[in-house]
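Report on the structure given below.
The values are calculated or read from the model by the stated rules, or taken from the named source; none is laboratory data. For clarity, every value in this text was computed on a predicted model and none was experimentally measured. Note that we place each Cβ from the backbone using ideal geometry, even for glycine, and neighbour counts take in every protein chain shown. For the accessible areas, the whole protein counts, side chains as well, though only heavy atoms, and no ligand, DNA or RNA atoms are used. Shrake-Rupley method; radii C 1.70, N 1.55, O 1.52, S 1.80 Å.
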Amino acid sequence: MDMKALISVSDKTGIVEFARALHALGIKLLSTGGTAKLLADAGLPVTEVADHTGFPEMLDGRVKTLHPAIHGGLLARRDLPEHMAALKAHAIDTIDLLIVNLYPFEATVAQTGCTLEDAIENIDIGGPAMVRSAAKNWKDVGVLTDASQYAGVLEELKAGELSDATRFALAVAAFNRISQYDGAISDYLSGIQADGAHSLFPGQANGRFIKVQDLRYGENSHQQAALYRDLYPAPGSLVTAMQLQGKELSYNNIADADAAWECVKSFTESAACVIVKHANPCGVAVGANALEAYSKAFKTDPTSAFGGIIALNCTLDEAAAQQIVKQFVEVLMAPAFTPAALEVFKTKVNVRILQVALPPGGDTAWKQGRNLMDVKRVGSGMLMQTADNHELVLADLKVVSKLQPTPAQLQDLLFAWKVAKYVKSNAIVFCGDGMTLGVGAGQMSRIDSARIASIKAANASLDLQGSAVASDAFFPFRDGLDVVVDVGATCVIQPGGSMRDEEVIAAADERGVVMVLSGVRHFRH
């Protein structure tokens, strides 16, 4: 093959093997600095860029490929005689393959203690310039920007040459990579404040998402939709799921599945099950195993559970599968399934079964498989906020009533609060013995949410006597407290912070119930 490949990579994974394979095909190798040395040390014949251009690398390697001998060889159109004549007149050879990955800017700024100087030094100049030149001239040049592309390109080259379709796909991937790279630089640099501190909210927000799939339609049948994922999705997040069975996921399936998965993975100390309908948990429970957790969660609201989304934080075994299969379920999610459990659902071919690994856990949103930021579109704009990742612990609670809670009541309150976080405001959640007893969601009045929760409990023949209740915001008046106490709640958790807290606390003392303040609100719209 009378071809020339220019190789200049920061991440050298697999590059020696790839270059050796190119050389075996008769492709001449051209390279820069450290990459050239690596290839030469591996016994490969390689020409350094400085020898090719007749101009030495300078400014600590900042200038090496910014030269007409490089960009002319990449940009010249082979189908235009005047282009080829210009190359001949200036003794410039064509370059047919470009293999480049960029300085590790994203990895550098992700490190604790990264300085502005560190960031600046990891902004690649020559690499993106070459990639743009090669990608623009995709009909004549193949440009590789990631090691995952090596095998496919090599296979085509061994068969003859790169197809137009492959070169175009490589060019699109190259422009996407440049966009991602420039977006990361813009995000980082525009987040630096006058005092040198780095803001969570940059001066320009550059979203970087990759399409996973087109969807049949959106929230309604007249809307179009697609699913995208973060460029670097957190482990244990929904977009890392593997679908094992069932129909294609819909827009609403994905939205509801995310609500279920975010809720269930917040339970880490025992088996848990969350059943979601229309983005709200309609049943949540913990148990000794998957079967017990599911059975308790289903008991909360069997009517709403019909056609719902079921998520578990533990392996789904055959016993639990035999029970779940009795109901109509849209999506079933768990970190693992036994072969026997999957066999149970073989006849339910439409049930969408998703396997999602639990996040590793830790002190960062990434390790917890959560978003660092939440965004909401408004007219020609966007609201951005840090995600609601606060996890309440016993030490956060403040008992403000005369009556003190028992250890069992404290656990019920923590459970109720954890669930309320995932229920649309105004949220009221009655709980007891590790399960939801009644859930009221999305009402304009907190009193109406409380009444709906009690009605649902009655419909499911669940007794609210002695229950714990969580409200995602404070009861502004005692009438809200009276409603939950009248149906049997004996302990209440709410954020506090209202001018009328004293009135409601006095009412709690008068009614003889425990009142605990969390200090945190969990509005969810």
Response to the item:
Pseudo-spin-label distance Ile120 to Gln327, built 7 Å along Cα→Cβ, given in nm, is 6.0
Worksheet item: Taking all protein chains as present, what is the carbon and sulfur share of the accessible area of the chain, in % to the nearest whole number, probe 1.4 Å?
Response: 54
Worksheet item: How much space per residue, in cubic angstrom, does the convex hull of the C-alpha atoms of the stretch 130-231 take up?
Response: 159
Practice prompt. Principal axes first, then extents: for the Cα atoms of the stretch 1-116, list largest minus smallest coordinate on each axis, whole Å, largest first.
Written response: 53, 32, 25
Worksheet entry | the stretch 466-508: radius of gyration and largest Cα-Cα distance (Dmax), Å | 9.5, 28
Worksheet item: Between Phe209 and Thr315, what length in nm is gained on full extension when 0.36 nm per residue of separation is reduced by their alpha carbon distance?
Response: 35.1 nm
Worksheet item: Just the C-alpha atoms of the chain: what Rg/Rh do they give, with Rh taken as the Kirkwood radius?
Response: 1.10
Worksheet entry | Solvent-accessible area per residue for the stretch 386-428 (1.4 angstrom probe, square angstrom) | 47
Worksheet item: Shape of the stretch 156-294 from its Cα gyration tensor (a ≥ b ≥ c, root eigenvalues): rounded if a/c is under 1.5, otherwise prolate when a/b > b/c, or oblate?
Response: oblate
Worksheet entry | Listed peptides 223-234, 128-139 by packing density, highest first (mean Cβ within 10 Å) | 128-139, 223-234
Worksheet entry | Of the chymotrypsin sites (Phe, Trp or Tyr not before Pro) in the stretch 422-525, those whose Cβ has at most 16 other Cβ within 10 Å and which sit in DSSP loop | Phe477, Phe523
Practice prompt. Might you report the magnitude of the Cβ-based charge dipole of the stretch 4-107 about its Cα centre, with Lys and Arg at +1 and Asp and Glu at -1, to the nearest 20 debye?
Written response: 180
Discussion item. I'd like to check one number: the per residue accessible area of the stretch 238-304, probe 1.4 Å, reported in Å² as a whole number.
Written reply: 38
Response to the item:
The answer for GluC sites (Glu not before Pro) in the stretch 36-112 that fall in a DSSP coil and have at most 14 neighbouring Cβ atoms within 10 Å is none
Worksheet item: Mind listing P(r) for the stretch 300-345? All alpha-carbon pairs, 10 Å bins, whole percents.
Response: 27, 58, 15
Worksheet item: Relative contact order, percent, of the stretch 135-179 when contacts are C-alpha pairs under 8 Å separated by at least 6 residues?
Response: 56
Item to complete: Pick out, in residue order, every one of the trypsin sites (Lys or Arg not before Pro) in the stretch 417-525 that is DSSP loop and has at most 16 other C-beta atoms within 10 Å; say none if there are none.
Response: Arg500
Discussion item. Please list log₁₀ I(q)/I(0) at q = 0.10, 0.16, 0.23 Å⁻¹ for the stretch 398-525, using the Debye equation with identical point scatterers on the alpha-carbon positions.
Written reply: -0.24, -0.64, -1.47
Worksheet entry | MRE, 222 nm, helices only [DSSP H, n ≥ 4, -39500 (n - 2.57), over the chain, to nearest 500] | -10500 deg cm²/dmol
Item to complete: Mind checking which lysines have their Cα closer than 24 Å to the Cα of Lys64? Skip sequence neighbours fewer than 8 apart in that chain.
Response: Lys4, Lys12, Lys28, Lys37, Lys88, Lys136
Discussion item. At R0 = 56 Å, how high is the FRET efficiency between Ala395 and Asp2 if r is their beta carbon distance? Nearest 0.05 is fine.
Written reply: 0.20
Worksheet, complete the sentence: Short to long, in 10 Å steps from zero, the percent of alpha-carbon pairs of the stretch 283-404 per bin is 11, 30, 27, 23, 8, 1
Practice prompt. Quote the charge dipole size of the stretch 173-318 about the Cα centre in Debye, to the nearest 20; the model charges only the Cβ of Lys and Arg (+1) and of Asp and Glu (-1).
Written response: 240
Fill in: Calculated log₁₀ intensity ratio I(q)/I(0) where the Debye formula runs over C-alpha points of the stretch 40-83, q = 0.24 Å⁻¹
-0.87
Worksheet item: So which of Lys211/Lys265; Lys326/Lys456; Lys299/Lys326; Lys326/Lys418 end up more than 19 Å apart by C-alpha?
Response: Lys211/Lys265; Lys326/Lys456; Lys326/Lys418
Worksheet entry | Square roots of five times the Cα gyration tensor eigenvalues for the stretch 79-179, Å | 30, 19, 10
Fill in: Extension reserve of the Ile192-Gln404 stretch, reckoned as 0.36 nm per residue once the Cα distance is removed
71.5 nm
Worksheet item: What distance in nm separates the simple spin-label points at Asp463 and Arg77, each placed 7 Å from Cα in the Cβ direction?
Response: 8.4
Worksheet entry | Ordering of 347-360, 319-332 by burial proxy (mean other Cβ atoms within 10 Å per residue, highest first) | 319-332, 347-360
Worksheet entry | Taking only Cα atoms of the stretch 383-461, radius of gyration then Dmax in Å | 14.0, 42
